[in-house]
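Below: the structure, in C-alpha coordinates.
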Amino acid sequence: MTDHLTALTGAAALVGPQLEPVNDAVVLIENSHIAAVGPASEVRIPNSAHTVDASNHTLLPGFIDAHVHIGFYEPKQVLRGGVTSVRDLGWPEKRIWPLVDASRSTGFEGPTILAAGPMLTVAGGYPTRAGWAPPGTGRVLSSAEDAGPAVAKLAEAGACIIKVALNPAVGPTLDAALLRSIVDAAHERHLKVTGHTFGLEELHKALDAGMDELAHMLMSPESIPEDTIARMVHQGMAVVPTLAIFSGRGRRIAIENLRRFFEHGGRVIYGTDLGNQGPAPGIDKGEVAGMAEAGMAAGDIIRSATVDSAEWLGLERVGSLKQGMDADVVAVRGSALDDYRALTRVDMVWRKGRRAR
Ligand SMILES: [Zn+2]
(Lines give C-alpha, C1' and ligand atoms only; values in the text may rest on other atoms or scores of the structure.)
Protein backbone atom coordinates (compact mmCIF):
# COMPACT_ATOMS: atom_id res chain seq x y z
CA MET A 1 0.00 0.00 0.00
CA THR A 2 1.37 3.42 -0.88
CA ASP A 3 1.20 6.08 1.74
CA HIS A 4 -1.20 8.90 1.29
CA LEU A 5 0.59 12.22 1.75
CA THR A 6 -0.96 15.67 1.95
CA ALA A 7 1.03 18.88 2.47
CA LEU A 8 -0.82 21.93 3.80
CA THR A 9 1.18 24.97 2.74
CA GLY A 10 1.21 28.75 2.95
CA ALA A 11 -0.63 29.16 6.25
CA ALA A 12 0.41 30.25 9.70
CA ALA A 13 0.29 27.22 12.00
CA LEU A 14 0.04 27.06 15.79
CA VAL A 15 2.61 24.39 16.48
CA GLY A 16 3.18 22.00 19.36
CA PRO A 17 1.97 22.17 22.95
CA GLN A 18 2.96 25.85 23.18
CA LEU A 19 0.81 26.70 20.13
CA GLU A 20 3.84 28.50 18.80
CA PRO A 21 2.91 30.59 15.74
CA VAL A 22 4.92 29.62 12.65
CA ASN A 23 4.41 31.65 9.51
CA ASP A 24 4.60 30.04 6.07
CA ALA A 25 4.32 26.63 7.68
CA VAL A 26 4.00 23.15 6.25
CA VAL A 27 1.88 20.51 7.90
CA LEU A 28 2.60 17.16 6.28
CA ILE A 29 -0.13 14.57 6.79
CA GLU A 30 0.71 10.92 6.20
CA ASN A 31 -2.34 8.65 6.30
CA SER A 32 -3.97 9.36 9.68
CA HIS A 33 -1.15 11.22 11.43
CA ILE A 34 1.07 14.28 11.24
CA ALA A 35 4.40 13.27 9.67
CA ALA A 36 6.05 16.68 10.00
CA VAL A 37 5.23 20.26 10.91
CA GLY A 38 7.37 23.39 10.79
CA PRO A 39 8.50 26.32 8.65
CA ALA A 40 8.53 25.74 4.88
CA SER A 41 12.29 26.26 4.95
CA GLU A 42 12.71 23.18 7.17
CA VAL A 43 10.05 20.68 6.11
CA ARG A 44 10.77 18.80 2.89
CA ILE A 45 7.63 18.04 0.87
CA PRO A 46 7.94 14.69 -0.95
CA ASN A 47 7.10 14.73 -4.66
CA SER A 48 4.31 12.26 -4.11
CA ALA A 49 2.46 14.61 -1.74
CA HIS A 50 -0.80 16.21 -2.72
CA THR A 51 -0.51 19.91 -1.89
CA VAL A 52 -3.29 22.05 -0.44
CA ASP A 53 -2.78 25.80 -0.54
CA ALA A 54 -3.87 27.20 2.83
CA SER A 55 -2.48 30.72 2.46
CA ASN A 56 -4.34 33.47 4.37
CA HIS A 57 -5.39 30.86 6.91
CA THR A 58 -4.36 29.75 10.37
CA LEU A 59 -3.92 26.02 10.96
CA LEU A 60 -5.09 24.93 14.40
CA PRO A 61 -5.39 21.62 16.17
CA GLY A 62 -9.00 20.44 15.79
CA PHE A 63 -11.24 21.79 18.54
CA ILE A 64 -12.41 19.54 21.37
CA ASP A 65 -15.89 20.35 22.70
CA ALA A 66 -16.02 18.96 26.24
CA HIS A 67 -19.80 19.28 26.63
CA VAL A 68 -22.16 18.08 23.94
CA HIS A 69 -25.22 15.91 23.50
CA ILE A 70 -24.22 14.56 20.11
CA GLY A 71 -27.49 12.69 19.58
CA PHE A 72 -29.21 15.93 18.61
CA TYR A 73 -27.05 16.43 15.52
CA GLU A 74 -25.54 14.70 12.56
CA PRO A 75 -21.97 14.07 13.77
CA LYS A 76 -20.82 15.20 10.31
CA GLN A 77 -22.16 18.74 10.89
CA VAL A 78 -20.16 19.01 14.10
CA LEU A 79 -16.95 17.85 12.42
CA ARG A 80 -17.39 20.17 9.45
CA GLY A 81 -17.60 23.06 11.91
CA GLY A 82 -14.05 22.43 13.13
CA VAL A 83 -14.75 20.20 16.14
CA THR A 84 -12.78 16.96 15.75
CA SER A 85 -13.41 15.48 19.23
CA VAL A 86 -16.38 15.76 21.57
CA ARG A 87 -17.28 14.58 25.04
CA ASP A 88 -20.97 13.73 25.44
CA LEU A 89 -22.25 14.58 28.93
CA GLY A 90 -25.58 12.82 29.13
CA TRP A 91 -27.35 10.33 26.87
CA PRO A 92 -28.94 6.87 27.24
CA GLU A 93 -26.43 4.01 27.23
CA LYS A 94 -28.14 2.07 24.44
CA ARG A 95 -27.64 4.98 22.10
CA ILE A 96 -24.32 6.50 23.15
CA TRP A 97 -21.94 3.52 23.45
CA PRO A 98 -22.48 2.37 19.83
CA LEU A 99 -21.66 5.91 18.68
CA VAL A 100 -18.52 6.03 20.82
CA ASP A 101 -17.39 2.73 19.25
CA ALA A 102 -18.21 3.79 15.70
CA SER A 103 -16.32 7.08 16.11
CA ARG A 104 -13.03 5.27 16.74
CA SER A 105 -12.67 4.31 13.09
CA THR A 106 -10.79 6.60 10.72
CA GLY A 107 -13.68 6.50 8.27
CA PHE A 108 -16.29 7.76 10.76
CA GLU A 109 -17.98 10.88 9.41
CA GLY A 110 -17.98 12.84 12.61
CA PRO A 111 -15.78 13.80 15.53
CA THR A 112 -14.16 11.28 17.86
CA ILE A 113 -16.73 10.77 20.62
CA LEU A 114 -16.05 10.23 24.32
CA ALA A 115 -18.96 9.97 26.71
CA ALA A 116 -20.15 9.99 30.29
CA GLY A 117 -23.26 7.89 29.58
CA PRO A 118 -26.23 8.79 31.78
CA MET A 119 -26.04 11.37 34.58
CA LEU A 120 -26.26 10.11 38.15
CA THR A 121 -29.13 11.66 40.09
CA VAL A 122 -31.90 10.86 42.62
CA ALA A 123 -35.59 9.99 42.14
CA GLY A 124 -37.39 12.98 40.64
CA GLY A 125 -34.12 14.89 40.20
CA TYR A 126 -32.70 16.50 37.08
CA PRO A 127 -32.75 15.31 34.26
CA THR A 128 -35.44 12.66 34.90
CA ARG A 129 -38.23 15.12 34.10
CA ALA A 130 -36.37 17.36 31.63
CA GLY A 131 -38.24 17.75 28.35
CA TRP A 132 -35.12 17.35 26.21
CA ALA A 133 -33.86 14.18 27.85
CA PRO A 134 -34.92 10.76 26.48
CA PRO A 135 -35.58 8.04 29.09
CA GLY A 136 -32.26 6.73 30.37
CA THR A 137 -30.46 10.10 30.27
CA GLY A 138 -30.43 10.01 34.08
CA ARG A 139 -29.73 7.06 36.38
CA VAL A 140 -31.40 7.18 39.78
CA LEU A 141 -29.44 6.25 42.91
CA SER A 142 -31.12 5.86 46.31
CA SER A 143 -28.30 5.63 48.81
CA ALA A 144 -24.53 5.85 49.19
CA GLU A 145 -24.35 2.04 48.75
CA ASP A 146 -25.56 2.46 45.16
CA ALA A 147 -22.62 4.67 44.20
CA GLY A 148 -19.89 2.03 43.85
CA PRO A 149 -21.87 -0.37 41.62
CA ALA A 150 -23.25 2.47 39.46
CA VAL A 151 -19.81 3.94 38.87
CA ALA A 152 -18.31 0.49 38.23
CA LYS A 153 -20.94 -0.27 35.61
CA LEU A 154 -20.33 3.00 33.78
CA ALA A 155 -16.56 2.58 33.95
CA GLU A 156 -16.84 -0.91 32.45
CA ALA A 157 -19.08 0.38 29.68
CA GLY A 158 -16.39 2.89 28.73
CA ALA A 159 -17.38 6.14 30.46
CA CYS A 160 -14.62 8.76 30.24
CA ILE A 161 -16.01 10.71 33.20
CA ILE A 162 -18.91 10.49 35.66
CA LYS A 163 -21.57 13.20 35.38
CA VAL A 164 -23.82 14.15 38.28
CA ALA A 165 -26.83 16.47 38.41
CA LEU A 166 -27.07 19.05 41.20
CA ASN A 167 -30.09 21.12 40.21
CA PRO A 168 -32.41 21.91 43.17
CA ALA A 169 -34.41 24.31 40.98
CA VAL A 170 -36.21 21.39 39.33
CA GLY A 171 -36.13 18.57 41.89
CA PRO A 172 -34.21 16.87 44.69
CA THR A 173 -30.43 16.47 44.42
CA LEU A 174 -27.80 13.98 45.56
CA ASP A 175 -27.08 14.57 49.25
CA ALA A 176 -23.56 15.23 50.50
CA ALA A 177 -22.89 11.60 51.52
CA LEU A 178 -24.10 10.17 48.22
CA LEU A 179 -22.14 12.71 46.18
CA ARG A 180 -19.03 11.97 48.21
CA SER A 181 -19.45 8.21 47.61
CA ILE A 182 -19.79 8.79 43.85
CA VAL A 183 -16.65 10.95 43.76
CA ASP A 184 -14.67 8.43 45.82
CA ALA A 185 -15.81 5.51 43.65
CA ALA A 186 -14.92 7.41 40.48
CA HIS A 187 -11.51 8.46 41.76
CA GLU A 188 -10.72 4.86 42.72
CA ARG A 189 -11.18 4.07 39.03
CA HIS A 190 -9.18 7.12 37.91
CA LEU A 191 -12.28 8.81 36.56
CA LYS A 192 -13.13 12.45 37.17
CA VAL A 193 -16.57 13.73 38.18
CA THR A 194 -18.33 16.62 36.49
CA GLY A 195 -21.55 18.25 37.59
CA HIS A 196 -24.46 20.26 36.30
CA THR A 197 -24.52 22.66 39.25
CA PHE A 198 -27.22 25.19 40.17
CA GLY A 199 -26.82 27.40 43.23
CA LEU A 200 -23.97 28.26 45.55
CA GLU A 201 -25.08 25.69 48.10
CA GLU A 202 -24.68 22.89 45.53
CA LEU A 203 -21.35 24.34 44.42
CA HIS A 204 -20.08 24.22 48.01
CA LYS A 205 -21.39 20.66 48.36
CA ALA A 206 -19.48 19.75 45.19
CA LEU A 207 -16.28 21.34 46.49
CA ASP A 208 -16.66 19.52 49.82
CA ALA A 209 -17.07 16.22 47.95
CA GLY A 210 -13.99 16.83 45.78
CA MET A 211 -15.90 17.06 42.49
CA ASP A 212 -13.42 17.78 39.68
CA GLU A 213 -15.32 19.91 37.20
CA LEU A 214 -18.31 22.13 36.58
CA ALA A 215 -20.06 20.98 33.40
CA HIS A 216 -21.36 24.55 33.01
CA MET A 217 -20.41 27.76 34.73
CA LEU A 218 -22.65 27.99 37.83
CA MET A 219 -26.17 27.66 36.39
CA SER A 220 -27.90 30.05 38.80
CA PRO A 221 -27.65 33.81 38.20
CA GLU A 222 -25.41 34.39 41.21
CA SER A 223 -22.01 35.93 41.54
CA ILE A 224 -19.58 33.37 42.98
CA PRO A 225 -17.94 34.85 46.10
CA GLU A 226 -14.23 35.55 45.97
CA ASP A 227 -13.29 32.90 48.55
CA THR A 228 -15.26 30.25 46.64
CA ILE A 229 -13.49 31.17 43.39
CA ALA A 230 -10.18 30.87 45.22
CA ARG A 231 -11.21 27.48 46.58
CA MET A 232 -12.22 26.21 43.11
CA VAL A 233 -8.82 27.20 41.75
CA HIS A 234 -6.96 25.82 44.77
CA GLN A 235 -8.74 22.45 44.51
CA GLY A 236 -8.00 22.33 40.78
CA MET A 237 -11.67 22.29 39.79
CA ALA A 238 -12.02 22.91 36.05
CA VAL A 239 -14.89 24.84 34.48
CA VAL A 240 -16.50 24.04 31.14
CA PRO A 241 -18.29 27.38 30.66
CA THR A 242 -21.05 26.56 28.09
CA LEU A 243 -21.71 30.31 27.87
CA ALA A 244 -23.63 29.64 24.65
CA ILE A 245 -26.64 28.40 26.62
CA PHE A 246 -26.92 31.40 28.95
CA SER A 247 -28.77 34.52 27.86
CA GLY A 248 -29.49 38.04 29.12
CA ARG A 249 -28.63 38.70 32.75
CA GLY A 250 -27.68 35.06 33.34
CA ARG A 251 -25.09 35.27 30.55
CA ARG A 252 -23.64 38.50 31.91
CA ILE A 253 -23.26 36.92 35.35
CA ALA A 254 -21.76 33.70 33.96
CA ILE A 255 -19.23 35.71 31.93
CA GLU A 256 -18.32 37.75 35.00
CA ASN A 257 -17.86 34.57 37.06
CA LEU A 258 -15.67 33.16 34.29
CA ARG A 259 -13.65 36.37 34.11
CA ARG A 260 -12.81 36.18 37.83
CA PHE A 261 -12.16 32.42 37.74
CA PHE A 262 -9.79 32.83 34.78
CA GLU A 263 -8.02 35.81 36.37
CA HIS A 264 -7.37 33.71 39.46
CA GLY A 265 -5.66 31.13 37.25
CA GLY A 266 -8.58 28.70 37.04
CA ARG A 267 -8.56 25.91 34.45
CA VAL A 268 -11.06 26.61 31.67
CA ILE A 269 -11.99 23.80 29.26
CA TYR A 270 -13.92 24.72 26.10
CA GLY A 271 -17.45 23.31 25.91
CA THR A 272 -20.79 24.50 24.56
CA ASP A 273 -23.56 22.11 25.68
CA LEU A 274 -24.40 21.49 22.03
CA GLY A 275 -27.90 20.01 21.93
CA ASN A 276 -29.25 22.53 24.38
CA GLN A 277 -30.69 25.77 22.98
CA GLY A 278 -28.05 28.22 21.80
CA PRO A 279 -24.90 26.61 20.45
CA ALA A 280 -24.55 25.62 16.79
CA PRO A 281 -22.64 22.52 15.65
CA GLY A 282 -18.95 23.27 15.22
CA ILE A 283 -16.81 25.96 16.82
CA ASP A 284 -19.51 28.20 18.28
CA LYS A 285 -19.63 31.98 17.79
CA GLY A 286 -21.48 32.75 21.01
CA GLU A 287 -19.16 30.58 23.05
CA VAL A 288 -15.92 32.13 21.80
CA ALA A 289 -17.39 35.64 21.98
CA GLY A 290 -18.37 35.05 25.62
CA MET A 291 -14.93 33.71 26.48
CA ALA A 292 -13.35 36.77 24.83
CA GLU A 293 -15.70 39.01 26.81
CA ALA A 294 -14.52 37.23 29.97
CA GLY A 295 -10.99 38.44 29.21
CA MET A 296 -9.57 35.39 27.46
CA ALA A 297 -7.28 36.22 24.52
CA ALA A 298 -7.78 34.29 21.28
CA GLY A 299 -4.75 32.16 22.20
CA ASP A 300 -6.28 31.34 25.60
CA ILE A 301 -9.52 30.26 23.93
CA ILE A 302 -7.66 28.05 21.45
CA ARG A 303 -5.59 26.52 24.27
CA SER A 304 -8.73 25.74 26.31
CA ALA A 305 -10.16 23.83 23.33
CA THR A 306 -7.00 21.99 22.29
CA VAL A 307 -3.86 21.53 24.41
CA ASP A 308 -5.49 22.02 27.81
CA SER A 309 -8.60 20.06 26.92
CA ALA A 310 -6.60 17.09 25.60
CA GLU A 311 -4.58 17.05 28.81
CA TRP A 312 -7.66 17.31 31.05
CA LEU A 313 -9.51 14.61 29.10
CA GLY A 314 -6.45 12.35 28.97
CA LEU A 315 -6.24 12.35 25.15
CA GLU A 316 -2.66 11.75 24.11
CA ARG A 317 -3.09 11.63 20.32
CA VAL A 318 -4.86 14.95 19.74
CA GLY A 319 -4.77 18.58 20.87
CA SER A 320 -1.61 19.84 19.20
CA LEU A 321 0.04 19.97 15.79
CA LYS A 322 3.07 17.83 16.39
CA GLN A 323 4.84 15.02 14.58
CA GLY A 324 3.19 11.67 15.37
CA MET A 325 -0.13 13.09 16.55
CA ASP A 326 -3.43 12.26 14.84
CA ALA A 327 -3.92 14.64 11.93
CA ASP A 328 -6.89 16.54 13.39
CA VAL A 329 -6.36 19.92 11.73
CA VAL A 330 -8.60 22.93 11.12
CA ALA A 331 -7.90 25.85 8.76
CA VAL A 332 -9.63 29.09 9.67
CA ARG A 333 -9.55 32.20 7.49
CA GLY A 334 -7.43 35.04 8.84
CA SER A 335 -5.15 35.35 11.83
CA ALA A 336 -6.72 33.41 14.68
CA LEU A 337 -4.29 34.66 17.33
CA ASP A 338 -5.08 38.29 16.51
CA ASP A 339 -8.84 37.96 16.21
CA TYR A 340 -10.98 35.37 18.00
CA ARG A 341 -13.68 35.89 15.37
CA ALA A 342 -11.46 34.07 12.87
CA LEU A 343 -12.07 30.89 14.91
CA THR A 344 -15.54 30.48 13.45
CA ARG A 345 -14.42 31.12 9.85
CA VAL A 346 -13.71 27.43 9.30
CA ASP A 347 -12.74 26.62 5.71
CA MET A 348 -11.00 23.24 5.88
CA VAL A 349 -11.10 20.33 8.33
CA TRP A 350 -9.17 17.06 8.57
CA ARG A 351 -9.82 14.35 11.12
CA LYS A 352 -7.34 11.46 11.42
CA GLY A 353 -5.94 12.69 8.10
CA ARG A 354 -9.24 12.49 6.26
CA ARG A 355 -10.57 15.68 4.82
CA ALA A 356 -14.07 16.46 6.08
CA ARG A 357 -14.38 19.92 4.58
ZN1 LIG B 1 -25.55 19.28 28.77
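The values are calculated or read from the model by the stated rules, or taken from the named source; none is laboratory data. Bear in mind that the values here come from a model prediction, so they are computed numbers and not experimental data. No Cβ is skipped: glycine too gets one built from the backbone with ideal geometry, and neighbour counts run over all protein chains shown.
Determine whether Ala186 is part of a strand (DSSP E or B) and either touching a residue at least 40 places away in the same chain (Cβ under 8 Å) or more than 16 Å from the ligand (Cβ to nearest atom) (or both).
On the way: part of a strand (DSSP E or B): no; either touching a residue at least 40 places away in the same chain (Cβ under 8 Å) or more than 16 Å from the ligand (Cβ to nearest atom) (or both): yes.
In short, no.
Yes/no per residue for (1) touching a strand residue (DSSP E or B) at 6+ places or on another chain (Cβ under 8 Å); (2) within 19 Å of Ser304 (Cβ to Cβ):
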| residue | (1), (2) |
| --- | --- |
| Ala186 | yes, no |
| Leu200 | no, no |
| Glu222 | no, no |
| Gly236 | no, yes |
| Phe246 | no, yes |
| Glu256 | no, yes |
| Gln277 | no, no |
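If you go through segment 209-239, how many residues are hydrophobic (A, V, I, L, M, F, W, C) and in contact (Cβ under 8 Å) with a residue 40 or more places away in the chain?
Here is the first cut: in segment 209-239, the residues hydrophobic (A, V, I, L, M, F, W, C) are 209, 211, 214-215, 217-219, 224, 229-230, 232-233, 237-239.
Checking which are in contact (Cβ under 8 Å) with a residue 40 or more places away in the chain leaves us with 211, 215, 217, 219, 238.
Counting residues in segment 209-239 that are hydrophobic (A, V, I, L, M, F, W, C) and in contact (Cβ under 8 Å) with a residue 40 or more places away in the chain gives 5.
Got at least one residue in segment 105-117 being over 30 Å from Asp347 (Cα atoms) and either modelled with pLDDT of 95 or more or within 15 Å of the ligand (Cβ to nearest atom) (or both)? Yes, segment 105-117 contains a residue that is over 30 Å from Asp347 (Cα atoms) and either modelled with pLDDT of 95 or more or within 15 Å of the ligand (Cβ to nearest atom) (or both). A single entry from Gly271, Gly295 fulfils the requirement of being of a type outside the set (A, V, I, L, M), in the same structural domain as Arg80 (by TED's automatic domain parsing) and crowded, with 19+ Cβ neighbours inside 10 Å: Gly271. Close contacts from segment 94-122, counting a first residue that is more than 25 Å from Gly195 (Cα to Cα) and without any contact (Cβ under 8 Å) to a residue 24 or more places away in the chain and a second that is surrounded by fewer than 23 Cβ atoms within 10 Å (Cβ to Cβ) and hydrophobic (A, V, I, L, M, F, W, C), with Cβ to Cβ under 9 Å and a gap of 6+ residues or different chains, come to Ala102/Phe108. Close Cβ contacts (under 7 Å, 6 or more residues apart or on different chains) running from residues in segment 126-140 that are part of a loop (DSSP other than H, G, I, E, B) to residues that are polar (S, T, N, Q) and surrounded by fewer than 16 Cβ atoms within 10 Å (Cβ to Cβ) are absent.
From the set of residues in segment 219-246 that are of a type in the set (S, T, N, Q) and assigned to a loop (DSSP other than H, G, I, E, B), which is nearest to the ligand (Cβ to nearest atom)?
In the first step, residues of segment 219-246 are kept if they are of a type in the set (S, T, N, Q); the result is 220, 223, 228, 235, 242.
Now narrow it down to the ones that are assigned to a loop (DSSP other than H, G, I, E, B): 220, 223, 242.
On the way: Ser220: 16, Ser223: 23, Thr242: 7 Å.
The selected residue is Thr242.
Exactly one residue out of Ala206, Ala244 is touching a Pro at 6+ places or on another chain (Cβ under 9 Å), in contact (Cβ under 8 Å) with a residue 24 or more places away in the chain and among the small types (Gly, Ala, Ser): that is Ala244.
Answer yes or no as to whether Gly90 is surrounded by 24 or more Cβ atoms within 10 Å (Cβ to Cβ), over 14 Å from Leu274 (Cα atoms) and outside the structural domain of Ala12 (by TED's automatic domain parsing). For Gly90, the condition - surrounded by 24 or more Cβ atoms within 10 Å (Cβ to Cβ), over 14 Å from Leu274 (Cα atoms) and outside the structural domain of Ala12 (by TED's automatic domain parsing) - is not met. Hey, any hits in segment 94-111 for a residue that's surrounded by 15 or more Cβ atoms within 10 Å (Cβ to Cβ), touching a strand residue (DSSP E or B) at 6+ places or on another chain (Cβ under 7 Å) and part of a strand (DSSP E or B)? Within segment 94-111 (the criterion being surrounded by 15 or more Cβ atoms within 10 Å (Cβ to Cβ), touching a strand residue (DSSP E or B) at 6+ places or on another chain (Cβ under 7 Å) and part of a strand (DSSP E or B)), the answer is no, since none of the residues qualifies. Quick check on my filter: what residues within segment 76-115 are aliphatic (A, V, I, L, M) and under 18 Å from Ile64 (Cβ atoms)? Across segment 76-115, the qualifying residues are Val78, Leu79, Val83, Val86, Leu89, Ile96, Leu99, Val100, Ile113, Leu114, Ala115.
Residues that are within 25 Å of Leu120 (Cβ to Cβ) and among the hydroxyl-bearing types (Ser, Thr, Tyr) within segment 215-238 comprise Ser220, Thr228, listed in sequence order.
Across segment 259-280, the qualifying residues are those that are free of Cβ contacts under 8 Å to residues at least 40 places away in the same chain and within 16 Å of the ligand (Cβ to nearest atom), and the one among them that is nearest to Ala133 (Cα to Cα) is Gln277.
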